[in-house]
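Accompanying notes for the structure given below.
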Amino acid sequence: MTLTEILPTMRLSIPSPLAVDSWPVHTQATVSDVVVAGVSLIRLAEVSGTPAVLTGDLPRPGRPRERALTGGTDVTVLVFRITLRVDTQEDKRIALTDCRFEGVTAQWSECRLIGRASCSRSARIELIPGDVGDASWPHPVAMLPGDLREGDLVAVPCLGAVALHDVRP
């Protein structure tokens, strides 16, 4: 458990930590953004629209020479937008997204809100792909701020190289 989970108001002044082994090399978290090798994920979504993908290498342990010889393992950061947010009468939180997740191995424990800092406690939110007709059940569940709303941007690292046509609805 991190300080930002215990005291969500701390998210306004310090970024929630990243699990460095799940994100591409040279990834840094800020209060409201994630920067991968100098590329802001917010800016990526502004320029290319959503969903958006950015592929990089996973960090590799060892000396620089050994890393250069073995190469890296691909990891892709998927950026998508929340298109609709609903709370059911059974206290279930649901968010409709503008992308699909079928065939994508996302690290949902590392899913994070970008574009704004939220001081709301994290909640389990079921993410339903934009193309509901093709979506497989069960839908992924991520811990995101409870005040997640329509228009918010979310970023999640995914194993392997994911092409944009794989996530477009």
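The values are calculated or read from the model by the stated rules, or taken from the named source; none is laboratory data. In this text, all values refer to a predicted model and were calculated from it rather than measured experimentally. Neighbour counts are summed over all protein chains in view; Cβ atoms, including those assigned to glycine, are modelled from backbone coordinates with ideal geometry. Accessible surface areas use protein heavy atoms only, side chains included; no ligands, DNA or RNA. Shrake-Rupley method; radii C 1.70, N 1.55, O 1.52, S 1.80 Å.
For segment 80-87, the condition holds for no residue, the condition being that it is within 21 Å of residue 21 (Cβ to Cβ), touching a strand residue (DSSP E or B) at 6+ places or on another chain (Cβ under 9 Å) and not in a loop (DSSP other than H, G, I, E, B). Taking segment 144-169 as the range and being part of a strand (DSSP E or B) and open to solvent by 20 Å² or more (accessible area, probe 1.4 Å) as the test, only 159 passes.
Residues in segment 19-57 that are among the hydrophobic types (A, V, I, L, M, F, W, C) and in a helix (DSSP H, G or I): 41, 42, 44, 45, 47.
When restricted to residues that are part of a strand (DSSP E or B) and either within 18 Å of residue 34 (Cβ to Cβ) or open to solvent by 50 Å² or more (accessible area, probe 1.4 Å) (or both), segment 102-129 contains 8. All of (1) over 16 Å from residue 45 (Cα atoms); (2) open to solvent by less than 20 Å² (accessible area, probe 1.4 Å); (3) assigned to a loop (DSSP other than H, G, I, E, B) hold for residue 99 with one exception: (1).
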